[in-house]
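Right, one structure below, let's go through it.
The values are calculated or read from the model by the stated rules, or taken from the named source; none is laboratory data. In this text the structure is predicted, and so the values were computed from the model without any measurement. Because the Cβ atoms are built from the backbone with ideal geometry, glycine has one as well, and the counts that use them run over all protein chains shown.
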There are 2 protein chains.
Amino acid sequence: MAAPVVAVVGGGQLARMMAPAATALGVHLRALVEDATSSAAQVIPDAPVGAARDEAALRALVAGSSGPAAGRPADVLTFEHEQVPNALLEQLAREGHAVRPSAAALVHAQDKIVMRRRLTELGVPCPRWAELPDLAALETFLVAVGGTAVVKTARGGYDGKGVRVVHSAEDVADWFESSYGPDGTGIPLLVEEKVPFTRELAVLVARRPSGQVRAWPVVESVQVDGVCAEVIAPAPGLAPEVARAATSLAVTIAAGLGVTGVLAVELFEVPGDGGGPPTVVVNELAMRPHNSGHWTIEGSVTSQFEQHLRAVLDLPLGQTSARQPWAVMANVLGSGHAELTDALAAVTALDAGAKVQLYGKSVRPGRKLGHVTVLGDDLVEVRARAQAAAAILAG
Amino acid sequence: MAAPVVAVVGGGQLARMMAPAATALGVHLRALVEDATSSAAQVIPDAPVGAARDEAALRALVAGSSGPAAGRPADVLTFEHEQVPNALLEQLAREGHAVRPSAAALVHAQDKIVMRRRLTELGVPCPRWAELPDLAALETFLVAVGGTAVVKTARGGYDGKGVRVVHSAEDVADWFESSYGPDGTGIPLLVEEKVPFTRELAVLVARRPSGQVRAWPVVESVQVDGVCAEVIAPAPGLAPEVARAATSLAVTIAAGLGVTGVLAVELFEVPGDGGGPPTVVVNELAMRPHNSGHWTIEGSVTSQFEQHLRAVLDLPLGQTSARQPWAVMANVLGSGHAELTDALAAVTALDAGAKVQLYGKSVRPGRKLGHVTVLGDDLVEVRARAQAAAAILAG
């Protein structure tokens, strides 16, 4: 039997970082990339150019219409982002193609209203929330939660986009003009209470079609302006019962939604009532390798990228334990360098043990261009080192 | 400045395993591969097909005549094997191209007579040895060493090929027929004493053009029929003074020969005289990532593949400490499976913590098809796990 073929939709850094894992496993990776110079296309020989929403491109990706493995259909179709056309995925599944995660699972990472409804059904703690058919519904909700809330577009938001903190309905009146969604996109809106969280956590799990699930240690995700800046693994000082609860939630969600592949559950940690232990509520879901799991490349026995490939190929999952007591990952968001590689000499001179991952992307303000991971025994030192190395790359 | 371009000669598993390191550093890797389906070509988008001894192919590789980075000349030319034409490398260096290691260094990994002469000059302990201009010279040597010796071709040997243990000159008379070398190839022969070694060790170091050198822990290399079957890092029970001596030898050789990139020094450990500590003598050299360093992919802070790229780009070298007390790498030499990926489910089911590297090569008896690395605290367990996982892949 020839080596398995995994087709991935998307040419960003997540598909790029699947490549080393595929290389190790001897798995053939085929990526549908936005552009021949995309992050993933630089390191994946089989990288047809096309749009994720183009049926012909998606069918060619699955069939293997061209490239170095032409004629070898994909054993499984997977994704590095959620901007994919579900009706087409359903059609491909009906035709016998393995689509993992399935369209039925993926919709929960695409549509926040669908996600909130389903999580509520599963008994998973969420912020108070409501759909927003009109401004009056928002006014009612604001009164109920005490005057401040977060309005979100149900679809299309990421890294803080499509999210607005509001104190009155007027703050988001522009999104209601002509139709819902920013710029009259017609995307439905929902509102959530502004959770009084102490910090953000994330749990990553992977699940096989056969049902096996493995979770990595719960991490703390440090956000700046709605974008992940830093991840600390494990989350410092996390109460064991909170870690267990968070992991259990993620497993419940993965099974309840029928997720296959990696699932990232972003959580708010909130103080417990009356001095009790803190609790967690679900913020967002992603069904793919996720920024909160980049530390696993060096920090865990099995990286999220290898695990995603194993999960979607229905191979037994790998160990998810940490290799060292602490791992800190710091993102490089924008850079003063013309190219990040211009800073390679400086960053390697600064810290001989920092692990650098550059994404091969052109520099733009705030763009995720790379990250640094440092492992070690002393959190304060590890964190300072990761931040210092990322700062060098950021120029 | 655009990302650095590293051109590597060769399309085998060593070039293949450079790809993930290049991906992480954002370095553009271009490999001259034997065939479009070569191990490295499967995972490197910029992989022109050509022979290492073809001047036009080598010049096109350096110039970037085609492919996804056409027009971008290589910042450095390096190698995954030693079968390269030195005169041409010297010419390229004269024309201003960075060739690392240089032809002047590389010749010591290509010609065992040149290597023995130079190491002897440097005061590096070697087996007793002699050039063999004729059978009479061999007869004289055999008498001097007590009747058993090892005849080698000066060039072209690897993995036990071009090596013969002899007890009399007649045992290798066929190599002298018509001219030297097996099959009348005209390759000069040398003879070495059969060292009464207790085991084989290897030291890997990397050296930058600026002179910085870093060494990994000394490992034990377990050979079967002249081929590396297993590597244990660090070498169990190695006396600290022997480890220091071995490392010091490797650093001396790297500096003395002007090596840039990774240097592997294969050593024999021999019992000390009169109950003194063991000593080491040099067996072979390789100037590239080496089988004895595959454990560094997961087992060390910096893998030999990343370090080789850093060294040839004259970037500061990374830490070479081990991530866990023990690492064992077991090679997969041949397989009863049609494709090694057929055994992925079985090997991942057997051991969720074993790290598998498959090379994408077609199965042939005894061929290096992949390897498994296991890390841990208990050597007996780690070794048993690595061997068991490799056995599953070997079918």
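Mind telling me which of the residues A:ALA215, A:ALA246, A:ALA264 ends up being crowded, with 20+ Cβ neighbours inside 10 Å, under 14 Å from the mean Cα position of the chain (by Cα) and under 25 Å from A:LEU106 (Cα atoms)?
Values: A:ALA215 fails: under 14 Å from the mean Cα position of the chain (by Cα); A:ALA246 fails: under 14 Å from the mean Cα position of the chain (by Cα).
The conditions single out A:ALA264.
Would you confirm whether any residue within region B:172-190 is under 17 Å from B:LEU267 (Cα atoms), in contact with a Phe, Trp or Tyr (Cβ under 8 Å, 6 or more places away or on another chain) and surrounded by 23 or more Cβ atoms within 10 Å (Cβ to Cβ)?
The answer is no, given that none of the residues of region B:172-190 is under 17 Å from B:LEU267 (Cα atoms), in contact with a Phe, Trp or Tyr (Cβ under 8 Å, 6 or more places away or on another chain) and surrounded by 23 or more Cβ atoms within 10 Å (Cβ to Cβ).
Does A:ALA47 qualify as being of a type in the set (A, V, I, L, M), within 20 Å of B:VAL43 (Cα to Cα) and in contact (Cβ under 8 Å) with a residue 40 or more places away in the chain?
Working: of a type in the set (A, V, I, L, M): yes; within 20 Å of B:VAL43 (Cα to Cα): yes; in contact (Cβ under 8 Å) with a residue 40 or more places away in the chain: no.
The answer is no for A:ALA47.
When you check B:ALA386 against the structure, is it among the small types (Gly, Ala, Ser), over 27 Å from A:VAL356 (Cβ atoms) and more than 10 Å from every other protein chain (Cβ to nearest Cβ), yes or no? Before the answer, list the steps.
Working: among the small types (Gly, Ala, Ser): yes; over 27 Å from A:VAL356 (Cβ atoms): yes; more than 10 Å from every other protein chain (Cβ to nearest Cβ): yes.
It is true that B:ALA386 is among the small types (Gly, Ala, Ser), over 27 Å from A:VAL356 (Cβ atoms) and more than 10 Å from every other protein chain (Cβ to nearest Cβ).
Looking at the structure I just gave you, is A:ALA136 surrounded by 16 or more Cβ atoms within 10 Å (Cβ to Cβ) and either within 28 Å of A:TRP175 (Cα to Cα) or touching a residue at least 12 places away in the same chain (Cβ under 8 Å) (or both)?
Numbers: surrounded by 16 or more Cβ atoms within 10 Å (Cβ to Cβ): no; either within 28 Å of A:TRP175 (Cα to Cα) or touching a residue at least 12 places away in the same chain (Cβ under 8 Å) (or both): yes.
Criteria not met by A:ALA136.
Being at the interface with chain B (Cβ under 8 Å from one of its Cβ atoms) and part of a loop (DSSP other than H, G, I, E, B) is the filter here; which residues of region A:288-312 pass it?
A:VAL301, A:THR302, listed by residue number.
Filter region B:319-331 for residues that are within 11 Å of another protein chain (Cβ to nearest Cβ) and either surrounded by 24 or more Cβ atoms within 10 Å (Cβ to Cβ) or among the hydroxyl-bearing types (Ser, Thr, Tyr) (or both) and give the result.
B:THR320, B:SER321
For region B:104-119, how many residues are in a helix (DSSP H, G or I) and more than 11 Å from B:MET287 (Cα to Cα)?
Taking region B:104-119 and keeping what is in a helix (DSSP H, G or I), we get B:104-110, B:112-119.
Then keep just the ones that are more than 11 Å from B:MET287 (Cα to Cα); that gives B:104, B:112-119.
Qualifying residue count for the region: 9.
Test of understanding: among B:ALA206, B:ALA264, which residue is in contact with a His (Cβ under 6 Å, 6 or more places away or on another chain) and assigned to a strand (DSSP E or B)? So that I can check it myself, show each step before the final result.
Values: B:ALA206 fails: in contact with a His (Cβ under 6 Å, 6 or more places away or on another chain).
After applying the criteria, what remains is B:ALA264.
With respect to A:ALA354, determine if the residue is more than 9 Å from every other protein chain (Cβ to nearest Cβ) and surrounded by 19 or more Cβ atoms within 10 Å (Cβ to Cβ).
Values: more than 9 Å from every other protein chain (Cβ to nearest Cβ): no; surrounded by 19 or more Cβ atoms within 10 Å (Cβ to Cβ): yes.
Considered against the rule, which asks whether it is more than 9 Å from every other protein chain (Cβ to nearest Cβ) and surrounded by 19 or more Cβ atoms within 10 Å (Cβ to Cβ), A:ALA354 comes out as no.
Among the residues of region A:267-287, write down those that are within 9 Å of the chain's Cα centre (by Cα) and not in a strand (DSSP E or B).
Residue satisfying the conditions is A:MET287 alone.
Identify the single condition in (1) free of Cβ contacts under 8 Å to residues at least 60 places away in the same chain; (2) over 22 Å from B:SER303 (Cα atoms); (3) among the hydroxyl-bearing types (Ser, Thr, Tyr) that B:THR279 does not satisfy, given that it satisfies every other one.
Only one criterion is unmet by B:THR279, namely (1).
It is to be established whether one or more residues within region A:283-291 are hydrophobic (A, V, I, L, M, F, W, C), closer than 20 Å to B:THR348 by Cβ and in contact (Cβ under 8 Å) with a residue 40 or more places away in the chain. Please lay out each step first, then the result.
Narrowing region A:283-291 to residues hydrophobic (A, V, I, L, M, F, W, C): A:285-287.
Applying the additional criterion that residues be closer than 20 Å to B:THR348 by Cβ yields none.
No; the residues of region A:283-291 include none that is hydrophobic (A, V, I, L, M, F, W, C), closer than 20 Å to B:THR348 by Cβ and in contact (Cβ under 8 Å) with a residue 40 or more places away in the chain.
Take B:LEU77 and tell me if it is within 15 Å of B:ALA31 (Cα to Cα) and buried (at least 16 other Cβ atoms within 10 Å of the Cβ). Break it down stepwise before answering.
Details: within 15 Å of B:ALA31 (Cα to Cα): yes; buried (at least 16 other Cβ atoms within 10 Å of the Cβ): yes.
Yes, satisfied.
Of all the residues that make up region B:332-349, how many are touching a residue at least 60 places away in the same chain (Cβ under 8 Å), more than 16 Å from B:HIS294 (Cα to Cα) and surrounded by 19 or more Cβ atoms within 10 Å (Cβ to Cβ)?
Just the residues of region B:332-349 that are touching a residue at least 60 places away in the same chain (Cβ under 8 Å), to begin with: B:332-335.
Adding the requirement that they be more than 16 Å from B:HIS294 (Cα to Cα) leaves B:334-335.
After this cut, where a residue has to be surrounded by 19 or more Cβ atoms within 10 Å (Cβ to Cβ) as well, the list is B:335.
Matching residues across region B:332-349 total 1.
Which residue is surrounded by the fewest Cβ atoms within 10 Å (Cβ to Cβ), if the candidates are limited to region B:25-60 and must be more than 8 Å from chain A (Cβ to nearest Cβ) and in a strand (DSSP E or B)?
Checking each candidate, the answer is B:VAL49.
With (1) of a type in the set (Val, Ile, Thr); (2) in contact with a strand residue (DSSP E or B) (Cβ under 9 Å, 6 or more places away or on another chain); (3) within 12 Å of chain A (Cβ to nearest Cβ) as the list, and B:THR78 as the residue in question, which single condition is left unmet?
(3)
Within region B:14-24, identify whether any single residue is more than 11 Å from chain A (Cβ to nearest Cβ), farther than 20 Å from A:ALA36 by Cβ and touching a Leu at 6+ places or on another chain (Cβ under 7 Å), and answer yes or no. Working first, answer last.
Kept after step one, since they are more than 11 Å from chain A (Cβ to nearest Cβ), are these residues of region B:14-24: B:14-15.
The next check asks that each one be farther than 20 Å from A:ALA36 by Cβ; those that pass are B:14-15.
Add one more test, that the residue is touching a Leu at 6+ places or on another chain (Cβ under 7 Å), and what stays is none.
There is no residue in region B:14-24 that is more than 11 Å from chain A (Cβ to nearest Cβ), farther than 20 Å from A:ALA36 by Cβ and touching a Leu at 6+ places or on another chain (Cβ under 7 Å).
Could you grab me the full set of residues in region B:74-92 that are of a type outside the set (S, T, N, Q) and under 19 Å from B:HIS308 (Cα atoms)? Don't jump to the end; show me each part of the working.
Initially, region B:74-92 is screened for residues of a type outside the set (S, T, N, Q), giving B:74-77, B:79-82, B:84-85, B:87-90, B:92.
Across region B:74-92, the qualifying residues are B:ALA74, B:ASP75, B:VAL76, B:LEU77, B:PHE79, B:GLU80, B:HIS81, B:GLU82, B:VAL84, B:LEU89.
Of the residues that sit in region A:53-74 and are among the aliphatic types (A, V, I, L, M) and touching a helix residue (DSSP H, G or I) at 6+ places or on another chain (Cβ under 7 Å), which one is nearest to B:ALA31 (Cα to Cα)?
Just the residues of region A:53-74 that are among the aliphatic types (A, V, I, L, M), to begin with: A:56-58, A:60-63, A:69-70, A:74.
Cutting the leftovers down to touching a helix residue (DSSP H, G or I) at 6+ places or on another chain (Cβ under 7 Å) gives us A:58, A:62, A:74.
On the way: A:LEU58: 30, A:VAL62: 28, A:ALA74: 26 Å.
Step by step, filter region A:53-74, then rank; the result is A:ALA74.
Here's the yes/no breakdown for (1) within 28 Å of B:SER210 (Cβ to Cβ); (2) of a type in the set (Asp, Glu); (3) under 16 Å from the mean Cα position of the chain (by Cα):
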site: A:HIS290; (1), (2), (3): no, no, yes
site: A:SER303; (1), (2), (3): no, no, yes
site: A:GLN307; (1), (2), (3): no, no, yes
site: A:TRP326; (1), (2), (3): no, no, no
site: A:ALA338; (1), (2), (3): yes, no, no
site: A:LEU358; (1), (2), (3): yes, no, no
site: A:VAL374; (1), (2), (3): yes, no, no
site: A:ALA384; (1), (2), (3): yes, no, no
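Within region A:115-138, track down each residue that is over 24 Å from A:GLU269 (Cβ atoms) and touching a Phe, Trp or Tyr at 6+ places or on another chain (Cβ under 6 Å). Let's see the steps before the verdict.
Just the residues of region A:115-138 that are over 24 Å from A:GLU269 (Cβ atoms), to begin with: A:131-138.
Residue satisfying the conditions is A:LEU135 alone.
Go through region B:84-100 and report how many residues are more than 17 Å from B:HIS28 (Cβ to Cβ) and touching a residue at least 60 places away in the same chain (Cβ under 8 Å).
Quick first cut of region B:84-100, residues more than 17 Å from B:HIS28 (Cβ to Cβ) only: B:84-96, B:99.
Then keep just the ones that are touching a residue at least 60 places away in the same chain (Cβ under 8 Å); that gives B:84.
Residues flagged as more than 17 Å from B:HIS28 (Cβ to Cβ) and touching a residue at least 60 places away in the same chain (Cβ under 8 Å) within region B:84-100 amount to 1.
Could you check how many residues of region A:209-238 are in a loop (DSSP other than H, G, I, E, B), modelled with pLDDT of 95 or more and on the phi < 0 side of the Ramachandran plot?
Qualifying residue count, region A:209-238: 9.
Which of the residues that make up region A:3-13 are among the hydrophobic types (A, V, I, L, M, F, W, C), in contact with a helix residue (DSSP H, G or I) (Cβ under 8 Å, 6 or more places away or on another chain) and within 12 Å of chain B (Cβ to nearest Cβ)? Steps first, please.
Taking region A:3-13 as the starting set, the residues that turn out to be among the hydrophobic types (A, V, I, L, M, F, W, C) are A:3, A:5-9.
Checking the rest, the ones that are also in contact with a helix residue (DSSP H, G or I) (Cβ under 8 Å, 6 or more places away or on another chain) come to A:3, A:6-9.
Correct list: A:ALA3, A:VAL6.
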